[in-house]
C-alpha cells in the first residue's frame, strides 16, 4: 500500500490538468465528477494507507517513497519523494477528508456560477499543492507546495475578479504572505549552507549533533522559519490578509481556513520541531506570538458585522492557540486541536455559506435573524459548530482539544501563568463572539426572507462535519476523567515528542478544566443575557462612548492596515512618484528623443522632388571622392 503513496497528491493534480485543459468544453456534471471524484479517491487511498500504517506501528514509525530525482547539482540532490509518519498522515487525512466534503458542498453552492469548471480546477490544484507540502521529505519540495498554495490562494480569493475589491484582497494575501515566504527561503539557504542538506530528517539529525542548545544558529534559523509560518498562518504581525480573504466564495474560505493554507505554518514548526527545541528563545517567541494573536483576534471578532469576517478572526485566534501550544512544547495538543479545528471551522464556514446562499448573498449579521425556523438543519449544525468552537464542556470535541492546550500551557516546563491566563481569556472571548454571531443569525425576528434552501450535496457535508465536531474529541479524554483515553497522543508521539510537564503542576488538570468550562459557559451566559434576556442592557452597553470607540478600533483590526499603510505603502508610493523622473529614466528618455530627432531629419529629406534627390546624390558623390583623394 505504501507504494501507492504518490497517487494521493497526483490524483487532485491530474483533476486540475483535465479541468484546466477541458475548460468550458466540459459539462458541469463532468467537471463536478472530476473535481470531487479526484479528491474523494485520494481520501479513500489515505484511509487505506492509514490502516496499513497503523498495522506497522510502533515497529515502523515512518516510511519514505521516492518517485524520481528532481535535480542533482553541486552536491544538492533533491528528489520528488514523500515521507509518511503520524504527523503527515494526520494532515493528509484532514486535507483529503475535509477537502472532499468541501468539494461536494461546492457542487451545490457554485451550481449556477459561470466559472464552475475553473473553480474546481483551482480547488484541485490547491489540494494537490497542500498534499505535496505536508508529504514532502525535503524542504525544497515542501517549499514548492508552500508556494503552490500561495498561488492558489491568490486565484481563489480573487475568483470573482470582476469586482476590484476581490482583486485587491487577492493581491493583499499574495503580497503579505510573500514577506514570510522570503524569510523562509533565507532559512533554507542558511540550512543548506551550514548543514549541507535539505532532507528534513537528515537536517534534524545534523542540527541536533552540530548545534548546541541556545546557540545563535538554531535561533536565527528558527526565527526565519517562524517568519514563514506567521505569514501563511496569519499570525501577528502578518495577520491582516486573512479577514480580507473572505472575498472568495465561501467554500474557498472553508478550505483555506480549515484544512489547508493557514495550517501550513503550524505544520512547518511541528515538522522542524528539533530546530525550535534547540532555541528556547525562539520557542518563547512562538508562544508569545500565539498568545498575543489569539487575544487580538478575539477582540476583533467581538465587533464584526459580516458573518464570514467573524469566522475569519476566529481562525486567526484558534491558530494562535496552536502556536501557543507549539511554543510550550505541547506538540500533541497543537496537532489534536488542528484536527478538531478543521472539523468545526469547515462546518461553520459551510453552514455560514448555506445561510448566505439562502439569503441571496446577504452576509450582514444585522440583516439576518429568525433563521432557526426557516433553516432547521443549518440551525442545528451551526449550533454544533459554535458549541465546539466555544469549547462547551463534555459534549463537544473542541472542549477536549482546547482543554488539552490550556492544561499543558499551565503545566509545561516552558509554559507559565501569564500564558495560561491569556489562553483562558481567549476562551472567554471565543464563546462571546461565537454565540453573539449565532444569536444574531438564528434568533429574533426574520429580517431577510429565505430564497433558497440547501440541497442534499450541501446538507450531507454539514451533517458529517457536525458529527465529527461533537464526537472526535473522544480520541483524547483527559487523565482526570478516570484515567482517560489517550489514543491520539500515543499515535502522534511516534512522530513528535511528548510534552515535558512540571510535576508540581501536573496534578492541577481538573482545575484547568473547571476554569476552561467556566470561561466557555460564562461567555455563553453573558451573551444570552445581553442579547435575549435583557437586550436593553446590551444596547445600553454598546452605546457607551468608550465601547463605541473600542468597537470601531477592533472592527478595523486594531488599526494594523492603517499602520502598515503609513509605514510601508505611503513611503513606497512617494518614492515611486519621485523615481518616475530619476536620472536613469532621463537617459532612456534622451535616447528616445534623439531617435525621434533623427527620424525628423530623415523625414525632412523626403520632399518628393527628383531634381533635389539627383543634386543630393551628386554632392554626396563629390564629397566622398574628395575625401578619398585628400586622404
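For the chain, the relative contact order is 12 percent, taking Cα pairs closer than 8 Å that sit 6 or more residues apart in sequence and dividing their mean separation by the residue count.
With a Förster radius of 45 Å, plug the Cβ-Cβ distance of residue 606 and residue 28 into 1/(1 + (r/R0)^6) and report the FRET value to the nearest 0.05. My answer for the efficiency is 0.15. For the pair region 238-276 and region 307-367, the centres of their Cα atoms are 11 angstrom apart. Annotation: extensible slack from residue 510 through residue 446 equals 18.8 nm (criterion: 0.36 nm per residue apart, minus Cα-Cα distance).
To the nearest ten degrees, helix 86-109 and the longest principal axis of the Cα atoms of the chain are 80 degrees apart. In terms of packing, defined here as the mean over residues of other Cβ atoms within 10 angstrom, the peptides 319-331, 586-598, 242-254 line up highest first as 319-331, 242-254, 586-598. Net length available on complete extension from residue 485 to residue 629 is 41.0 nm, with 0.36 nm assigned per residue and the Cα-Cα distance removed.
In Å, the Kirkwood hydrodynamic radius of region 407-526 over pairs of distinct alpha carbons? Evaluated over region 407-526, this radius sits at 17.7 Å.
Using R0 = 35 Å, the C-beta based FRET efficiency linking residue 76 and residue 305 works out to 0.10. Summary value for region 279-555: 26 percent relative contact order, contacts being C-alpha pairs under 8 angstrom separated by 6+ residues.
Any idea what the alpha-carbon Rg over 2.2 N^0.38 Å comes to for region 279-555? Walk me through the intermediate numbers first.
Numbers: Rg = 18.8 Å, N = 277, 2.2 N^0.38 = 18.6 Å.
Here the answer is 1.01, to two decimals.
Once the Cβ-Cβ distance of residue 498 and residue 421 is raised to the sixth power relative to R0 = 30 Å, the FRET efficiency obtained is 0.75. Relative to the longest principal axis of the Cα atoms of the chain, the long axis of helix 216-232 lies at roughly 90 degrees. Net length available on complete extension from residue 189 to residue 47 is 47.5 nm, with 0.36 nm assigned per residue and the Cα-Cα distance removed. Judged by the mean number of other Cβ atoms found within 10 Å, the most tightly packed of the peptides 124-133, 277-286, 439-448 leads the ranking 124-133, 277-286, 439-448.
Here each label is just a point 7 Å from Cα along the line to Cβ, and for residue 546 and residue 613 those points are 9.2 nm apart.
Classify region 181-221: rounded, prolate or oblate, from the alpha-carbon gyration tensor (a ≥ b ≥ c, eigenvalue square roots; a/c under 1.5 rounded; otherwise prolate if a/b is larger than b/c)? Kindly include the intermediate steps, with their values, before the conclusion.
Numbers: a/c = 2.15, a/b = 1.21, b/c = 1.78.
Oblate, since a/c reaches 1.5 and b/c is not below a/b.
A protection proxy built from the mean count of other Cβ atoms within 10 Å ranks the segments 297-304, 386-393, 558-565, most packed first, as 386-393, 297-304, 558-565. Angle, helix 417-442 long axis vs. longest principal axis of the chain, Cα atoms, 0 to 90°, nearest 10? Approximately 90 degrees, to the nearest 10. Using just its DSSP H runs of length 4 or more, each adding -39500 (n - 2.57), the chain gives a mean residue ellipticity at 222 nm of -23000 deg cm²/dmol after division by all residues. I need the P(r) histogram for region 1-130: all alpha carbon pairs, bin width 10 Å from 0 out to the longest distance, whole percents. All Cα pairs considered, the percentages come to 13, 38, 28, 17, 4, 0.
For the pair region 576-631 and region 12-34, the centres of their Cα atoms are 58 angstrom apart. For the pair residue 66 and residue 537, label points projected 7 Å from Cα toward Cβ lie 6.9 nm apart.
Values quoted throughout were computed directly from the atomic coordinates according to the rules given, and no laboratory measurement underlies them. Worth saying up front: this structure is predicted, and the values here are computed from it rather than measured. Because the Cβ atoms are built from the backbone with ideal geometry, glycine has one as well, and the counts that use them run over all protein chains shown.
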